[in-house]
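First comes the structure, then the notes that go with it.
The values are calculated or read from the model by the stated rules, or taken from the named source; none is laboratory data. Fair warning: this is a prediction, and the values are worked out from it, not measured in the lab. Reconstructed Cβ throughout: ideal geometry from the backbone, glycine too, with neighbour counts over all protein chains shown.
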Amino acid sequence: MNLGYENAVAVVTGGSSGIGLATVRVLLRNGARVALCARNADRLNDVASVLRRDHGEDRVLTRALSVLDAPAVGDFAEDVKAHYGRCDLLVNNAGQGRVSTFAETSDEDWRAEYDLKLFSQIYPARAFLPMLRESRGAIVAVNSLLAYQPEPHMVCTSSARAGVQNLLKSLSVEMAPDVRVNSVLLGLIGSGQWTRRFAEREDKSVSREEWYGDLARRKGIPLGRLGDAEEAANAVAFLGSRAASYITGAQLEVSGGLSRHI
Ligand code: NDP
């Protein structure tokens, strides 16, 4: 199977860590040039120097910004156009989950969560759409299984993620036939929030394997373990590639079998 990324340009939001960084690496290995953004400039610069060393100076562009800053996202799109002249793939990955029950969630938290989940899709999609139309490209959103299988301890994240799936379906119709729009629905991937929770574990003698294994058992993941960032990245790279040229408005679950619906 040829993913067809040679000479393609991909934009990855939240590309400095976890699933976003793994996606950047997979795309670079498959021949793409990549532009990535995140808020923390120091971490972004550290990541960029390693990526440039491994893949070449001219194949990595970075910008420190929040995807919730619409003018900054617009400037980022202008930078990509000036630097690479095109955009073939937008990966909307930036963000994080919010742990809270209904009783614990304030109005402010609800608004912040809806803002993050929806506008982290809306602003980049709007800014990069002209280039994506021109290249007949694709958008891949990194979303969560919580959209279909809500968890009471992540009440506003679950609800906002369901809204994102609905939005993506509309975009897949409105942007067709020029731009394909798909999503991955993640279960538990051993990056980001899980790395942070592992670091904060009470019993520091418990190894990463033991802690993740116990978590997988408690969550009832049929494959018996958390996913790796690269396993999520591979699914993103497939959906964004020419190999997925007849797939739009679809979602691909990457959860080790965690979903209970058919
Ligand atoms: P990480 O925390 O490892 O990475 C998140 C990335 O997003 C970082 O590069 C971060 O950089 C960036 N980011 C966060 N907020 C913004 C923002 N407002 N603007 C720009 N960049 C931002 O997380 P993961 O790799 O685990 O998660 C990636 C995505 O997958 C997230 O959207 C997450 O919610 C989702 N997801 C993850 C799951 C998991 O089990 N890991 C499960 C379900 C969904 P910086 O902080 O410098 O901005």
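Remarks
- Among the residues of this structure, Ser183 counts as one that is in a strand (DSSP E or B), in contact with a helix residue (DSSP H, G or I) (Cβ under 6 Å, 6 or more places away or on another chain) and polar (S, T, N, Q).
- Scanning region 82-99 for residues that are of a type outside the set (Val, Ile, Thr) and surrounded by fewer than 17 Cβ atoms within 10 Å (Cβ to Cβ) gives Ala82, His83, Gly85, Arg86, Gln96.
- Checked against the criteria, Asn143 counts as within 13 Å of the ligand (Cβ to nearest atom) and of a type outside the set (Gly, Ala, Ser).
- Qualifying residue in region 156-163 (condition: touching a residue at least 24 places away in the same chain (Cβ under 8 Å), assigned to a loop (DSSP other than H, G, I, E, B) and out of contact with any strand residue (DSSP E or B) (no Cβ under 6 Å at 6 or more places or on another chain)): no
- Residue match in region 105-116 (condition: of a type outside the set (Ser, Thr, Tyr), in contact (Cβ under 8 Å) with a residue 24 or more places away in the chain, outside any helix (DSSP H, G or I) and more than 15 Å from the ligand (Cβ to nearest atom)): no
- Qualifying residues in region 209-262 (those that are without any contact (Cβ under 8 Å) to a residue 24 or more places away in the chain and touching a helix residue (DSSP H, G or I) at 6+ places or on another chain (Cβ under 8 Å)) - the one farthest from Gly4 (Cα to Cα): Trp211
- Test result for Val91, within 17 Å of the chain's Cα centre (by Cα), more than 9 Å from the ligand (Cβ to nearest atom), over 22 Å from Phe119 (Cα atoms) and touching a residue at least 40 places away in the same chain (Cβ under 8 Å): no
- Breaking point among (1) within 9 Å of the ligand (Cβ to nearest atom); (2) farther than 20 Å from Ser191 by Cα; (3) among the polar types (S, T, N, Q), for Thr62: (1)
- Restricting region 152-193 to residues that are surrounded by fewer than 16 Cβ atoms within 10 Å (Cβ to Cβ) and over 21 Å from Ala94 (Cα atoms), the residue that is nearest to the ligand (Cβ to nearest atom): His153
- Leading residue by the ranking (farthest from the chain's Cα centre (by Cα)) among those in region 117-140 that are within 15 Å of the ligand (Cβ to nearest atom) and either outside any helix (DSSP H, G or I) or at pLDDT below 95 (or both): Ile139
- Flag for Arg196 being outside any loop (DSSP other than H, G, I, E, B) and within 16 Å of the ligand (Cβ to nearest atom): yes
- Matching residues, region 65-87, being within 16 Å of the ligand (Cβ to nearest atom) and hydroxyl-bearing (Ser, Thr, Tyr): Ser66
- Counting only strands (runs of 3 or more DSSP E) that sit wholly inside region 1-85, those with at least 2 residues that are small (Gly, Ala, Ser) are 33-38.
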